[in-house]
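Just below is one structure, and these are the notes that go with it.
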Amino acid sequence: MIMRLLYLCLIALVTFMTMGKAQADRLKDLTSIAGVRSNQLVGYGLVVGLPGTGDGSSTLTLQSMKALISQLGMNTSSILDLNGKNSAAVIVTAELPAFSKPGQRIDVTVSTLGQSKSLRGGTLLMTPLMGADGETYAVAQGNLLVGGLGVEGDDGSSLIVNIPTVGRVPGGGTVERLIETTFLETDNLVLNLHQGDFSVTNQVAEAINDIFGSDVAVPLDARSVRVRAPLDPSQKVSFVSMLENIEIEPERTSARVVVNARTGTIVIGGDVRVTPAAVTHGSLTVRVDENKDITQANNLAVTDGVAVTAAGEAVATANTEITVEEEPARAFVFDPGIELSTIVEAINGVGASPADLVAILEALREAGSLRAELVVI
């Protein structure tokens, strides 16, 4: 009874200390508990019932069909006319959440492995899903939901909308095995930050110690905080529920510019600064047009004083035209300590493309004027 009253008082204290922090973040949004994670599952299966969009005469699919039929008690040695146009070999993937219990349902994703054009209308047959250790942890089966559409005409024309070769079976997987966890057995919990930062780990430890007492939480490095857990396993769930609802106001993150080289997307953090620098930007466009001038050659023959003209072979002459267009270079100056909005306005003012913007940022970094980390993904 006394312990219950103590926990009720702690819950009230956590609620009181986190009131009024509109801009604060909860620990459950910033951290995860070490060892409490999901696990990936994968399996090989067979989808049937397709409207002629299957793998056809694929050897893998035909072997899978024969193996399935033989398991059902049928003699496959006399079957010669098997056709996989209504079936498809697939890879089935799923994510097994932490603490999942046998009998619970999970969603599964089904992807074609062979020549199938679409999985729309198909049914996934019973497929064991294995973990990294080779053990079966779930079994999947059910009707597929496919968001894509593929249509093909007799003349070879086709229309594909979204991805018809991937489908999902909501709740199509049944958990068959429990993954053991040491959550209730450990004396300490380790909170791992999603993004490592020494200031944030120190702040998390201080916020926990302010509520539960000194030395309860100890920052280990830029990503982890060790928290002393209750000795009684029955109190750990209540303790973690209070932990994850503690709110802090994280320190300002490091200045960073992230560039996606594939899509041209550029994200500039709010703390990016530029020291005094002058930038000149211009664009040079070179266009080369290759044309062929065809000239019909004539052959002249003289016979008995009579000139006869006969058509000869055509002669192709290369005609190359090079055009150079250069826009005048535009210069702009960055004053000391300017902020993100000024940087964006200055670069947009010269009409820079994403590729130009990357070149400008790289040049600023090499010049030592960009006070940020440039990350290319």
Distance in nm between pseudo-label sites at T136 and E366 (7 Å out along the Cβ direction from Cα): 6.0
Give me the one-decimal nm value for the distance between modelled label points at D232 and T123, 7 Å along each residue's Cα-to-Cβ direction. 5.3
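With charges set only on the Cβ (+1 for Lys and Arg, -1 for Asp and Glu), what does the dipole of the stretch 68-130 come to about its Cα centre, in debye to the nearest 20?
120
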Charge sum, other residues only, whose C-beta stays under 14 Å from G171's C-beta, Lys/Arg counted +1 and Asp/Glu -1: 0
Evaluate the distance, in nm, between pseudo-label points positioned 7 Å from the Cα of K85 and of V48 along their respective Cα→Cβ axes. 1.8
Nearest 0.05, what FRET efficiency do D187 and D271 give at R0 = 35 Å with Cβ-Cβ as r? 0.35
Going residue by residue through the stretch 367-372, the Karplus relation 6.51 cos²θ - 1.76 cosθ + 1.60 with θ = phi - 60° gives ³J(HN,Hα) values, rounded to whole Hz and with x marking Gly or Pro, of 7, x, 9, 8, 8, 6
At 0.36 nm per residue, minus the direct Cα-Cα distance, what do A34 and A316 gain on full extension? Give it in nm, one decimal, please. 94.3 nm
Taking 0.36 nm per intervening residue step and subtracting the Cα-Cα distance, what contour gain separates E249 from N75 on full extension? 55.8 nm
What does the charge count around K85 come to, taking other residues whose C-beta lies under 11 Å from its C-beta (Lys +1, Arg +1, Asp -1, Glu -1)? 0
Which length gain, in nm to one decimal place, applies between A67 and A355 when the Cα-Cα distance is subtracted from 0.36 nm times their residue separation? 98.3 nm
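Taken together, the values in this text are just the output of simple stated rules run on the coordinates, not laboratory data. Keep in mind that this is a model prediction, so the values were computed, not measured. Heads up, the Cβs are rebuilt from the backbone with ideal geometry, glycines too, and the neighbour counts pull from every protein chain shown.
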